[in-house]
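Engineer: One structure coming up, written as structure tokens, with questions to follow.
The values are calculated or read from the model by the stated rules, or taken from the named source; none is laboratory data. In this text, all values refer to a predicted model and were calculated from it rather than measured experimentally. So basically every Cβ, Gly included, is an ideal-geometry build from the backbone, and we count neighbours across all protein chains shown. Remember, those area values only see protein heavy atoms, side chains included, never the ligands or the DNA or RNA. Shrake-Rupley method; radii C 1.70, N 1.55, O 1.52, S 1.80 Å.
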Amino acid sequence: MRDFVLSPQSSSKLEIDYENDLNDQQLDVVKNGEGRTLVLAGAGSGKTRTITYRVAWMLEHGVAPENILLLTFTNKAAKEMISRLSGLLGPRAQGVWAGTFHSVANRLLRRYADKLGYDSRFSILDQDDARELVRLCIKDLKIDTKNRRFPSPSVVRGIISYQQNKQDSIADVLEDRYNKFSPLRGEIDSVADLYRTLKMTQNVMDFDDLLLNFRKLLSQDEEVGKQLSSMFQYVLVDEFQDTNKVQSQIVDLISQTHKNLLVVGDDAQSIYSFRAAEIENILAFPKRYPGAKTFRLTKNYRSTPEILEVANQVIARNTNQFKKELEAVGRSGARPSLVPAANTGQEAQFIADQVLQLRDQGVELREMAVLFRASFHSQALEFELMKRDIPYEYRGGLKFFERAHIKDAVAHLRLMNNVRDIMAWMRALRLHPGIGLVTAQKIATSASACQNIEDVLMLPLKTGKRAAAGWQGFLRVLREMLEAGGTPSEFIRGFAGSEDYQDYLENEYPNASERKEDLEQFATFAEQTDDIGEFLDYVSLTAEYGAERGGKEKVNEERMVLSTVHQSKGLEWDAVFVMHLNEGSFPHGRAFSEKGGVQEERRLFYVAATRARKHLFLTYPLTAGYDTLEMKQPSTFLGEISSHATEEVRLQRSGYRRQPMRRPTSSFSAYDDGPTIVLDKDGERVSKPSPSSFLRGVDEL
């Protein structure tokens, strides 16, 4: 929550050569960005440079630093702009107000806290603090969470936060995003009310309050609102497409006196609606401010013309946007590769092969990234990278075996294999309401004395009423697993599909649906063997390997990046692989039922493609599953790319058959008898396939 202050670097006057430092589009913004101005800055078009030079221009033309407000979305962005300004102007730039929405709000709220009934020494709750205060509210209201499934404090906190940023009612948020909890609306409303009251009583604010109270200060205290909007003669906002309703209102209020508001953003990169970001804030800017100027930055300094052609063709299909087309400044390169693979395993093998080839060609691992729509899409690739000892950094979440729900499934598999496993008992039992640490220890001791897991169903236990209900819940999960079958994949599907565990996920985690998809991918992977002991050995050794690499790796070790597309925004690499480009995966299946969903998914694809500088690979599996093959359709977005814009890489699998699973060795080398990847016709690349050739590729399996 800190602010950033420009510090003097030199007392000598620095000369800025605007004409030579900027292109014509950037220079136009810098010189003519007076009044209400919208700058549509395409990917890689130098928006940060444009903003900092605009601030420098104003300072050189008599605007006092303290009269300029620069709002960003990340501390990193604020630091970068401040560093650039300091490099351009030295001490002359000292005093510019620059920081995130939250840091600027905090700074001003400290000054005017008494106007809102707070003390200036108010505390700021982090995410953990906020969740624990919600937990206290639930307890104080004596809401029954023991004998029924009530959303966890984390989920309730998420509901409240989304409602505040979206400026909807709790009822609307429940109906749209948490429909299962709609019958609990009255109690959730009560928690939200008490949470709000306790924060005031304790003189604390959470991150949402910083924005809400800042808006309240500007709108309800006429004197303060006028004072602040008069002080900030020029307001600049970075990444305006990511603002929510509250932030947009703050921008309106803080710029209302002088009406010098310059917002920079790209509607084609608006991908955060799940955080309550409103793309309409940028799309409606010209209507909201009649007479506003609009500039376009379309000269791209990052990607090759071939990569931009793919990105431009896909994003052009969106109807709700400002039309613009990126123009490459750099030299031509190879066309992006389109790679249909037989299955997820072959897709992972191809990516690993290409990573090693690129490294041999001089591309460093840290200049390569694999992007995916959802975290579970990376599972097969993680296994492949581990086997080949290719170091990687995972962004956007935990590595696969570190995820809590995967550990839950593994604990239940361990019980199926070894009923005496006390630690597995402890994890499995404590998922159920009413079973605390002490009770779990007692039950585990009794249950581990059974001869096999089936005997546990008949185990006589004497426990309290609440613990007895939790024990019955565990037994229901156990029966589901046993009835599902006897292989690891069947056990996992029985566990994941049990009503009790489904309820647990939905009540504990805001992203329950993604966790369910993770478990299905885990079950699919488990289809490689029918032996539960063999499978658990493999999982244990692989998980240990992943933990070792994640926890003990050398600081300077070079690693490639695995990342969700959302986490990749603002970053770039020489080589980018966008994987799992299947219908229902990317675009996500739920996008087709949500208003504007497919258009946001298309923007997400655009973001992914424009992360690449020189090499872009678009991959997808034709089938999923092991024993039963499920046909997978290529992404809608791939069909929107013209045939001349990509080159297809056709892969063949010789001797395709189901392989027995082997325990991994300490080096995790590839299986000696595993399938190999061969480019069709001795490496010749063929044209983009028609729908019939997609099916022909399946016939070759």
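Engineer: Hey, could you check region 431-443 for residues that are part of a helix (DSSP H, G or I) and touching a Ser or Thr at 6+ places or on another chain (Cβ under 9 Å) and say which is surrounded by the most Cβ atoms within 10 Å (Cβ to Cβ)? Lay out the reasoning, then the answer.
Structural biologist: Taking region 431-443 as the starting set, the residues that turn out to be part of a helix (DSSP H, G or I) are 437-443.
Of the ones still in play, those that are also touching a Ser or Thr at 6+ places or on another chain (Cβ under 9 Å) are 439, 442-443.
Numbers: 439: 20, 442: 15, 443: 23.
Looking at residues that are part of a helix (DSSP H, G or I) and touching a Ser or Thr at 6+ places or on another chain (Cβ under 9 Å), I get 443.
Engineer: Of all residues being open to solvent by less than 30 Å² (accessible area, probe 1.4 Å) and under 33 Å from the mean Cα position of the chain (by Cα) in region 54-75, which is nearest to residue 239 (Cα to Cα)? Just the residue, please.
Structural biologist: 72
Engineer: Is it the case that some residue within region 321-344 is among the basic types (Lys, Arg) and in contact with a His (Cβ under 9 Å, 6 or more places away or on another chain)?
Structural biologist: Step one: list which residues in region 321-344 are among the basic types (Lys, Arg), which gives 323-324, 331, 335.
Then keep just the ones that are in contact with a His (Cβ under 9 Å, 6 or more places away or on another chain); that gives 335.
Yes, because at least one residue in region 321-344 is among the basic types (Lys, Arg) and in contact with a His (Cβ under 9 Å, 6 or more places away or on another chain).
Engineer: I'm told residue 407 meets every condition in (1) within 23 Å of residue 489 (Cα to Cα); (2) assigned to a helix (DSSP H, G or I); (3) open to solvent by less than 40 Å² (accessible area, probe 1.4 Å) except one. Can you identify the failing condition by its number?
Structural biologist: With respect to (1) within 23 Å of residue 489 (Cα to Cα); (2) assigned to a helix (DSSP H, G or I); (3) open to solvent by less than 40 Å² (accessible area, probe 1.4 Å), residue 407 is out only on (3).
Engineer: Looking at region 76-86, can you tell me whether even one residue there is buried (at least 20 other Cβ atoms within 10 Å of the Cβ), more than 21 Å from residue 242 (Cβ to Cβ) and modelled with pLDDT under 95?
Structural biologist: Checked against the condition, which is being buried (at least 20 other Cβ atoms within 10 Å of the Cβ), more than 21 Å from residue 242 (Cβ to Cβ) and modelled with pLDDT under 95, region 76-86 yields at least one hit.
Engineer: Would you please name the residue that is farthest from residue 146 (Cα to Cα), looking only at residues in region 492-524 that are aromatic (Phe, Trp, Tyr) and open to solvent by 20 Å² or more (accessible area, probe 1.4 Å)?
Structural biologist: To start, the set of residues in region 492-524 that are aromatic (Phe, Trp, Tyr) comprises 495, 501, 504, 509, 522.
Those still in the list that are open to solvent by 20 Å² or more (accessible area, probe 1.4 Å) too: 504, 509.
Working: 504: 12, 509: 17 Å.
Among them, the one singled out is 509.
Engineer: While we're looking at this one, here's another question. Across region 91-127, which residue is nearest to residue 226 (Cα to Cα) among those that are surrounded by 15 or more Cβ atoms within 10 Å (Cβ to Cβ) and of a type in the set (Ser, Thr, Tyr)?
Structural biologist: The residue in question is 112.
Engineer: Oh, and also: So, residue 331, is that one part of a loop (DSSP other than H, G, I, E, B) and either closer than 30 Å to residue 383 by Cβ or in contact with an Asp or Glu (Cβ under 6 Å, 6 or more places away or on another chain) (or both) or not? Break it down stepwise before answering.
Structural biologist: Working: part of a loop (DSSP other than H, G, I, E, B): yes; either closer than 30 Å to residue 383 by Cβ or in contact with an Asp or Glu (Cβ under 6 Å, 6 or more places away or on another chain) (or both): no.
For residue 331, the condition - part of a loop (DSSP other than H, G, I, E, B) and either closer than 30 Å to residue 383 by Cβ or in contact with an Asp or Glu (Cβ under 6 Å, 6 or more places away or on another chain) (or both) - is not met.
Engineer: Now for a separate question. Which of the strands (runs of 3 or more DSSP E) contained wholly in region 229-313 include at least 3 residues that are touching a helix residue (DSSP H, G or I) at 6+ places or on another chain (Cβ under 7 Å), at negative phi and of a type in the set (A, V, I, L, M, F, W, C)?
Structural biologist: On the way: elements: 234-237, 261-265, 293-297.
Result: 234-237, 261-265.
Engineer: Right, next: Working carefully through the options 214, 181, find the one that is open to solvent by less than 50 Å² (accessible area, probe 1.4 Å), assigned to a helix (DSSP H, G or I), over 19 Å from residue 276 (Cα atoms) and not aliphatic (A, V, I, L, M).
Structural biologist: Details: 214 fails: over 19 Å from residue 276 (Cα atoms).
None of the other options fit; the residue is 181.
Engineer: Something else about it: Starting from region 74-96, take each residue that is farther than 13 Å from residue 60 by Cα and list its partners that are of a type in the set (Asp, Glu), counting only C-beta distances under 7 angstrom and pairs at least six apart or across chains.
Structural biologist: Going by the 7 Å Cβ cut-off, the qualifying pairs are 77/238; 95/66.
Engineer: Tell me, please, whether a residue that is in contact with a helix residue (DSSP H, G or I) (Cβ under 6 Å, 6 or more places away or on another chain), modelled with pLDDT of 85 or more and not in a loop (DSSP other than H, G, I, E, B) can be found in region 622-636.
Structural biologist: no
Engineer: Checking the structure you have, find out if any residue of region 476-487 is in contact (Cβ under 8 Å) with a residue 24 or more places away in the chain, open to solvent by 20 Å² or more (accessible area, probe 1.4 Å) and over 19 Å from residue 532 (Cα atoms).
Structural biologist: Checked against the condition, which is being in contact (Cβ under 8 Å) with a residue 24 or more places away in the chain, open to solvent by 20 Å² or more (accessible area, probe 1.4 Å) and over 19 Å from residue 532 (Cα atoms), region 476-487 yields at least one hit.
Engineer: Among the residues of region 412-430, write down those that are open to solvent by less than 20 Å² (accessible area, probe 1.4 Å) and either at pLDDT 90 or above or more than 31 Å from the chain's Cα centre (by Cα) (or both).
Structural biologist: To start, the set of residues in region 412-430 that are open to solvent by less than 20 Å² (accessible area, probe 1.4 Å) comprises 412-413, 415, 419, 424-425, 428-429.
Result: 412, 413, 415, 419, 425, 428, 429.
Engineer: May I pose another question? Exactly one condition in (1) open to solvent by 10 Å² or more (accessible area, probe 1.4 Å); (2) under 30 Å from residue 296 (Cα atoms) is not met by residue 354; state its number.
Structural biologist: (2)
Engineer: Exactly one of (1) over 17 Å from the mean Cα position of the chain (by Cα); (2) open to solvent by 10 Å² or more (accessible area, probe 1.4 Å); (3) touching a residue at least 60 places away in the same chain (Cβ under 8 Å) is unmet by residue 623. Its number?
Structural biologist: The number of the failed condition is (2).
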